[in-house]
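Reading through the structure tokens given below for one structure.
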Protein chains: 2
Amino acid sequence: MSFDVLQKKIVEKKNPTIAGLDARIEYVPEHIRAKYTAQYGETLQAAVEAIFEFNCGLIDALCDIVPAVKPQSAYYENLGWRGMEMLERTIQYAKSKGLYVVADIKRGDIGATASAYSEGWLGRTTVGESQFATFDADCVTLNGYMGADAINPFLQDCERFDKCVFALVRTSNKSAVDLQDQMCGDKHVYEVMGDLTMQWAGETLGEYGYNRVGAVTGATYPEQIKTLRAQMPHTFFLVPGYGAQGGTAADVQYAFDENGHGAIVNSSRGIMCAWKKTGNNGTDYQEAARNVAIEMRDDICRYITIR
Amino acid sequence: MSFDVLQKKIVEKKNPTIAGLDARIEYVPEHIRAKYTAQYGETLQAAVEAIFEFNCGLIDALCDIVPAVKPQSAYYENLGWRGMEMLERTIQYAKSKGLYVVADIKRGDIGATASAYSEGWLGRTTVGESQFATFDADCVTLNGYMGADAINPFLQDCERFDKCVFALVRTSNKSAVDLQDQMCGDKHVYEVMGDLTMQWAGETLGEYGYNRVGAVTGATYPEQIKTLRAQMPHTFFLVPGYGAQGGTAADVQYAFDENGHGAIVNSSRGIMCAWKKTGNNGTDYQEAARNVAIEMRDDICRYITIR
């Protein structure tokens, strides 16, 4: 019922980062793509199997140093149902390697619809007397524009299966200002969303002092992270925007508490596409990803100490 | 590049309603469920095939009187990848029967991620030199909390394939007040979102006077619909909340312009579960759905005239 499961993995590995698994086929090295094109032709099936091998290779290369992975649903839906089948396999494989899996789905719907999402992504789907786990992630990202009705149905599955959610609060993209930076009285819209996130979470805290409704807070706005950290002392932060989007370790340090707890920083392309910078055509994609992941860990840990 | 495709179908059928295809297995009559349980046991596969037969039966019963259907992605994701495969089949079948398909996905993500969603749901996915249509809906619902970055990538596919999107503005659920009714200066958050929706749409109008970025506006708040209709004269409205959620034909009339154009009203459970009220155990589910759909059409058309 809290972020303890994730925080423990972070403490064990002394690494507060999460690796995105957002593979487009263009991110997959040519030698892997060629293998499946030879087998399946230039098809969705070939793309799906190439990405799966790439995902598993990344997971193998990262699983002893990184605590968590974040597959972005969009890149799997992009490939139709075959992509979703491969997403199920990817989540299972990551969990089998001890990784915590945050499915980045940013869903936001209400009542029975939200329950259907929650059953599929965190809980169990019921058919007659039987129950089935489908995507079965450890945690999902959610969009709270529709209010509590979009969050509460997920909290029942969080309680039953010891899982968590992250709600979007302040995102790291340029046009986040369009709505999120508008003023509601003396608060920004994103601060109103922050207050709601705390309401939805309730009072129950884990042993690290965090509840079960985390917040997505963009790393490109360090001042905002500082303010939000102070206002939301029991809210675990997922921090996108490091690297490719312009956020630095100096920026993201403010997302952590004095024990180096309470936040995890995402990098996707920086790790997945690390091989594009070594000049070896991707034959060393695992080593390249691992090296970048270690650099990122060490970069952030120059500013914080995880106790 | 506008809602002309949908509006034409509405004018042809003189029916401004859209039928939800949000099938949970509990909505499927027992005789259909039993058939597939006998074949596949109590499995996800059995549920998926039962729902597909039910969906096709509903489409057959409705396709000459209703212009559009709205499958809600949550109910398909609920069944894992098998559900997504069946969603692809459902969308294809509905389109083959001349229906306009709004995929109710409420996605909201940015940049390359939004492009990946758009390619999967509206456009084409590229593998090497080949392009593939996967979900290939006519229109999707989107969540604009992250601003223009969440909408613009979809508009490229709208232009290329003559498709549209609906952005969430004021939703019909109780907790919509949590954020959407907060005041930003002299405007509600939902009005700010309405203004953004008009900005994103640009200036291009179709022959009925509507652009290509519609708005979701809940039917349980008729005063708000009246205000939004006046403020957003070129924005096509998707109106949920009729029937089960408490909206009436008298309420939803304000979503339409003086020619009876510019809006479509959704009903999901009311039509899908109509058979539960006839006392025939669902053997008459097609007739029951059709009768309720006709009632709904006639109910709304007492208040508006479609020219």
- Query: Are any residues in segment B:145-174 within 7 Å of another protein chain (Cβ to nearest Cβ), modelled with pLDDT of 95 or more and either within 16 Å of the chain's Cα centre (by Cα) or under 22 Å from A:Trp200 (Cα atoms) (or both), and if so, which ones?
  - Reply: B:Tyr145, B:Met146, B:Leu168
- Query: Could you list, in sequence order, the residues of segment A:124-144 that are within 14 Å of the chain's Cα centre (by Cα) and of a type in the set (A, V, I, L, M)?
  - Reply: A:Ala137, A:Val140, A:Leu142
- Item | Criterion (aromatic (Phe, Trp, Tyr), more than 19 Å from the chain's Cα centre (by Cα) and within 27 Å of A:Gln180 (Cα to Cα)) met by exactly one of B:Tyr190, B:Tyr117 | B:Tyr190
- Here are some residues: A:Asp149, A:Asp181. Which one is acidic (Asp, Glu) and touching a Ser or Thr at 6+ places or on another chain (Cβ under 7 Å)? A:Asp149
- Query: In the list B:Thr248, B:Thr204, B:Thr227, B:Thr220, which residue meets the criterion of being within 30 Å of B:Pro29 (Cβ to Cβ) and surrounded by fewer than 20 Cβ atoms within 10 Å (Cβ to Cβ)?
  - Reply: B:Thr248
- Message: Criterion first (more than 8 Å from every other protein chain (Cβ to nearest Cβ) and closer than 23 Å to A:Lys174 by Cβ) does B:Val102 satisfy it?
- Response: no
- Which residues, taken from segment B:63-81, are more than 8 Å from every other protein chain (Cβ to nearest Cβ) and either under 12 Å from B:Asp22 (Cα atoms) or in contact with a Leu (Cβ under 8 Å, 6 or more places away or on another chain) (or both)? B:Cys63, B:Val66, B:Pro67, B:Ala68, B:Val69, B:Lys70, B:Pro71, B:Ser73, B:Tyr76
- Query: Could you count how many residues in segment B:187-224 are in a loop (DSSP other than H, G, I, E, B) and either in contact with a strand residue (DSSP E or B) (Cβ under 9 Å, 6 or more places away or on another chain) or in contact (Cβ under 8 Å) with a residue 24 or more places away in the chain (or both)?
  - Reply: 14
- Query: What number of residues within segment A:225-238 are at pLDDT below 95 and β-branched (Val, Ile, Thr)?
  - Reply: 2
- Message: Need the failing condition index for B:Phe132 against (1) more than 7 Å from every other protein chain (Cβ to nearest Cβ); (2) surrounded by fewer than 24 Cβ atoms within 10 Å (Cβ to Cβ), just the number.
- Response: (1)
- If you take the residues in segment B:175-194 that are of a type in the set (Gly, Ala, Ser), surrounded by fewer than 24 Cβ atoms within 10 Å (Cβ to Cβ) and on the phi < 0 side of the Ramachandran plot, which one is nearest to the other protein chains (Cβ to nearest Cβ)? B:Ser175
- Query: Yes or no: A:Met198 within 14 Å of another protein chain (Cβ to nearest Cβ), under 27 Å from B:Trp200 (Cα atoms) and not polar (S, T, N, Q)?
  - Reply: no
- Qualifying residue in segment B:107-115 (condition: under 28 Å from A:Val169 (Cα atoms), more than 10 Å from chain A (Cβ to nearest Cβ) and crowded, with 22+ Cβ neighbours inside 10 Å): no
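The values are calculated or read from the model by the stated rules, or taken from the named source; none is laboratory data. Note that this is a predicted model, so its numbers are computed, not measured. Cβ sites come from the backbone with ideal geometry, for glycine too, and all protein chains shown count toward neighbours.
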